[in-house]
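I have placed the structure first, in the form of structure tokens, so that the comments after it can refer back to it.
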Amino acid sequence: MPQSNSAPQSSNNRHWGFSTAGRVFFGWGVLEELRTVTAELGKRVMVCTDKNIIKSGIAEKVESLLKEGGAEVLVFPDGRPEIDLKLVDACAEAARQFNPDVMIGVGGGSNMDLAKCSAILLKYGGPLTKYYGEHAVPGPIVNVICIPTTSGTGSEVSPVAVVTDPDRYMKVGIATRRIIPRWAVVDPSLVISCPPHVTSHSGMDALSHAIESFCAKIPEGRSPHAIFVGKNPASDALAMQAIKLIAQSLPTAVSDPTNRQGRENMSLASLLAGMAFSAAGTATVHALQYSVGEATHTSHGLGNAVLMPAVMKAILKARIPEMAFIARAFDSSLAQVSDEAAAEQAPELVAKLGDKVQIPRGLGAIGMKREQIAEMAELSTSVKRLLDNSPVAFDKAALIGILEEAY
């Protein structure tokens, strides 16, 4: 049966807004633009990074380029994969002593989020818990620049920072356009040293951003000033291109880390997916991952990858054209079948991509116990801002069903 002409749903009978980084620099070697930071944003620059980025030589290169431009630089070296309140407080205290004009996050999403959170505390003081949720930061913050060394989180263009709160037994989000970086510097050459498992997890994270924004709810009456405005034409265009790039290039980036085209495509896909979800928002995959990630102490991208096929199955009937597009991005032969038939293949095709890049199947394989399912579902019901963005409403019982499917 020939492909139908149905288009992905994105209502035009409403208002929506779109925000991204103040400026995006992209390309192999574009890190050199850091020489111009002092002329545009200020002379005193604090770099938030971690010991692996220092060991790789990337932090030294960043510091050198900044100093060539006349900057005074302080490097905070204690970032780590999952940032918590104590680390943010320590970074913010170092910032108070240095009094930077610019905070730069260099590394994965956690280092970029560390720069964002520390910039909030530098300007408005703590505790960071005051800023959980949406629109809680009262005004502008210190200039933030984000430089990703993985291809996945999209934090370089997003209005969100995620921290681990030990009192809540889950990760917590701060969502405000106040923390969207002034600059995003996306240099694919920085990702070459990224290990295969990090490339895999971060790439699947980018795919989850693209798919969840593409399949997000079309909300009635949601303000265009909302952090997540739901599915919209701009996010759709960005997400669709990101999905195609990831389907094409993630296996190459994992199996052949020095492949320049694969790395460039994944850096671009991550950037586009980040732009897409920064407006449309994420939904149930991320709501569940907040609790699952904390329970299993696994990376954000890995949890999203394992959860994604089960969530896709649960929303499939509400997003047939979108699921059909996703399926055809992975398997062009599905152009010859109906949207309904193609859409049915999408969850398994995403799972098979996971197989290719060493993503284990099932929550049990990443350390979650079956008896934790009800607790994880209960915790996830509190992430209302994300669940409200799903095209299908899920209560606790439905979330238990998704987790059972993902197990």
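The values are calculated or read from the model by the stated rules, or taken from the named source; none is laboratory data. Keep in mind it's a predicted model, so treat the numbers as computed, not measured. Virtual Cβ from ideal backbone geometry, glycine too; neighbours counted across all protein chains shown. Accessible surface areas use protein heavy atoms only, side chains included; no ligands, DNA or RNA. Shrake-Rupley method; radii C 1.70, N 1.55, O 1.52, S 1.80 Å.
Pairs are defined by a Cβ separation below 6 Å, a sequence spacing of at least 6 or placement on different chains, a first member in the stretch 382-407 that is among the charged types (D, E, K, R), and a second member that is open to solvent by less than 40 Å² (accessible area, probe 1.4 Å); the pairs so defined are 396/377; 405/310. Of all residues in the stretch 139-162, those satisfying the criterion of being hydrophobic (A, V, I, L, M, F, W, C) and surrounded by 24 or more Cβ atoms within 10 Å (Cβ to Cβ) are 144, 145, 146, 147, 157, 160, 161, 162.
Residue count for the stretch 281-308 under the criterion of being of a type in the set (S, T, N, Q), open to solvent by 10 Å² or more (accessible area, probe 1.4 Å) and either assigned to a helix (DSSP H, G or I) or without any contact (Cβ under 8 Å) to a residue 24 or more places away in the chain (or both): the result is 1. State yes or no: is residue 241 open to solvent by 40 Å² or more (accessible area, probe 1.4 Å), among the polar types (S, T, N, Q) and within 26 Å of residue 313 (Cβ to Cβ)? Against the criterion (open to solvent by 40 Å² or more (accessible area, probe 1.4 Å), among the polar types (S, T, N, Q) and within 26 Å of residue 313 (Cβ to Cβ)), residue 241 qualifies.
Name the residues in the stretch 147-184 that are at pLDDT 95 or above and of a type in the set (Lys, Arg), would you? Of everything in the stretch 147-184, those that are at pLDDT 95 or above and of a type in the set (Lys, Arg) turn out to be 177, 178, 182. Among the residues of the stretch 172-202, those that are open to solvent by 10 Å² or more (accessible area, probe 1.4 Å) and either acidic (Asp, Glu) or under 22 Å from residue 128 (Cβ atoms) (or both) comprise 172, 177, 178, 180, 182. With respect to residue 278, determine if the residue is within 13 Å of the chain's Cα centre (by Cα), touching a residue at least 40 places away in the same chain (Cβ under 8 Å) and crowded, with 23+ Cβ neighbours inside 10 Å. So residue 278 passes the test.
The listed residues are 152, 105, and the only one of them that is touching a His at 6+ places or on another chain (Cβ under 8 Å) and either of a type outside the set (Lys, Arg) or assigned to a strand (DSSP E or B) (or both) turns out to be 152. Here the condition is being among the charged types (D, E, K, R), at pLDDT below 95 and farther than 21 Å from residue 219 by Cα; of 352, 369, 396, 356, it holds for 369 alone.
Residue 44 meets all of the listed conditions (1) touching an Asp or Glu at 6+ places or on another chain (Cβ under 7 Å); (2) at pLDDT below 95; (3) farther than 25 Å from residue 153 by Cβ; (4) not aliphatic (A, V, I, L, M) but one, namely (2).
If you go through the stretch 209-225 one residue at a time, do you hit one that is open to solvent by less than 30 Å² (accessible area, probe 1.4 Å), modelled with pLDDT of 95 or more, closer than 21 Å to residue 348 by Cβ and part of a loop (DSSP other than H, G, I, E, B)? For the stretch 209-225, residues open to solvent by less than 30 Å² (accessible area, probe 1.4 Å), modelled with pLDDT of 95 or more, closer than 21 Å to residue 348 by Cβ and part of a loop (DSSP other than H, G, I, E, B): present. Can you find a residue in the stretch 247-255 that is under 25 Å from residue 320 (Cβ atoms) and open to solvent by 40 Å² or more (accessible area, probe 1.4 Å)? Yes, there is a match, as at least one residue in the stretch 247-255 is under 25 Å from residue 320 (Cβ atoms) and open to solvent by 40 Å² or more (accessible area, probe 1.4 Å). Residue count for the stretch 75-123, restricted to those that are open to solvent by 30 Å² or more (accessible area, probe 1.4 Å), hydrophobic (A, V, I, L, M, F, W, C) and under 23 Å from the mean Cα position of the chain (by Cα): 1.
Applying a threshold of 8 Å to beta carbon distances and a minimum spacing of six or more residues, or different chains, the list of pairs starting in the stretch 368-381 at a residue that is in contact (Cβ under 8 Å) with a residue 40 or more places away in the chain and ending at one that is surrounded by 18 or more Cβ atoms within 10 Å (Cβ to Cβ) and among the aromatic types (Phe, Trp, Tyr) reads 379/290; 380/290. Among residues of the stretch 81-97 that are touching a residue at least 12 places away in the same chain (Cβ under 8 Å), those with a Cβ under 8 angstrom from a residue that is aromatic (Phe, Trp, Tyr), sequence gap 6+ or separate chain, pair up as 91/76; 94/76; 95/76.
Within the stretch 322-330, does at least one residue satisfy the condition of being under 15 Å from residue 211 (Cα atoms) and acidic (Asp, Glu)? Yes, the conditions are met somewhere in the stretch 322-330.
Pairing residues of the stretch 196-221 that are of a type in the set (S, T, N, Q) with residues that are assigned to a loop (DSSP other than H, G, I, E, B), at Cβ distances under 6 Å and at least 6 apart in sequence or on separate chains, gives 200/357; 200/358; 202/150; 202/151; 202/152.
The residues of the stretch 36-69 that are in contact (Cβ under 8 Å) with a residue 60 or more places away in the chain and in a helix (DSSP H, G or I), listed by number, are 37, 53, 56, 58, 62. Filtering 110, 19 for residues that are more than 24 Å from residue 165 (Cβ to Cβ) and among the polar types (S, T, N, Q) leaves a single hit, 19.
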